[in-house]
1. Any idea what the relative contact order of region 5-146 is, in percent, if you count C-alpha pairs under 8 Å spaced at least 6 apart?
2. For the cross-link pairs LYS38/LYS117; LYS13/LYS120; LYS26/LYS117; LYS38/LYS119, which exceed 25 Å when the distance is taken from alpha carbon to alpha carbon?
3. Are there any chymotrypsin sites (Phe, Trp or Tyr not before Pro) in region 78-154 that are in a DSSP loop and have at most 13 other Cβ atoms within 10 Å? List them by number.
4. Kindly provide the trypsin sites (Lys or Arg not before Pro) of region 5-49 that DSSP labels as loop, not H, G, I, E or B, and whose Cβ sees at most 12 other Cβ atoms within 10 Å.
5. Dipole size in debye (nearest 20) for region 5-146 around its Cα centre, Lys and Arg Cβ +1, Asp and Glu Cβ -1?
6. Can you return the lysines within cross-link range of LYS9? Criterion is Cα-Cα under 20 Å, with same-chain partners fewer than 8 residues away left out.
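Every number here is computed from the coordinates shown, using simple stated rules; none is lab data. All of these numbers come straight from a predicted model, not from anything done at the bench. As a convention, Cβ positions derive from the backbone with ideal geometry for all residues, glycine included, and neighbour counts pool all protein chains shown.
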Amino acid sequence: MRLPAFVEKELAKISSELSPVSLSIKELILHQQEYNRKAVSVEGYVQTVISIDQTDEATVATWFLATYFYLESKSGDKILVKYPADLDISVKDNVIVTGFFSAHAVNIETKGFLRTKRKKVFSALGESFLTALLVENKTRQKVEYIRKVAQAFLD
């Protein structure tokens, strides 16, 4: 697919800043602890797009112009994907998702002077999920990505 030059430049910049690790969904789920809070890239098919009435209370509480969908691999492994904006996708679309992975029920160790504390941290959505920053829809020949807002506009 041929993209306009400014889009190609912005996608290259996002990719170089993130340096995502390309994984299968199965590898990502099996090694959650290792990839927690890291940039990853996975490919699969959109299994279902989640509407508000299908979500639990924790998800609805965080709902703000976001699209949630399950991404499924050919082998049947699934992961929840959160895209923090409206996203044009349909069931069975083949997509490559790049973003930050949040593991569920991760063990965290904090080393102190005399002892080490161990704590289990649970994800906000009640399961492992991927917050997508870049979605390449191979079925529709389309790319959608989250743009960074310049710091000057935030002041």
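1. Details: 273 pairs, mean separation 33.7, N = 142.
Relative CO of region 5-146 lands at 24 percent.
2. Pairs exceeding the cut-off: LYS13/LYS120; LYS26/LYS117.
3. Numbers: sites: PHE100, PHE101, PHE113, PHE122, PHE129, TYR145, PHE153; in loops: PHE113, PHE122.
Sparse-neighbourhood loop chymotrypsin sites (Phe, Trp or Tyr not before Pro): PHE113, PHE122.
4. Working: sites: LYS9, LYS13, LYS26, ARG37, LYS38; in loops: ARG37, LYS38.
Filter output for region 5-49: ARG37.
5. With only Lys, Arg, Asp and Glu charged at Cβ, the dipole is about 720 debye.
6. Filter leaves LYS138, LYS142, LYS148.
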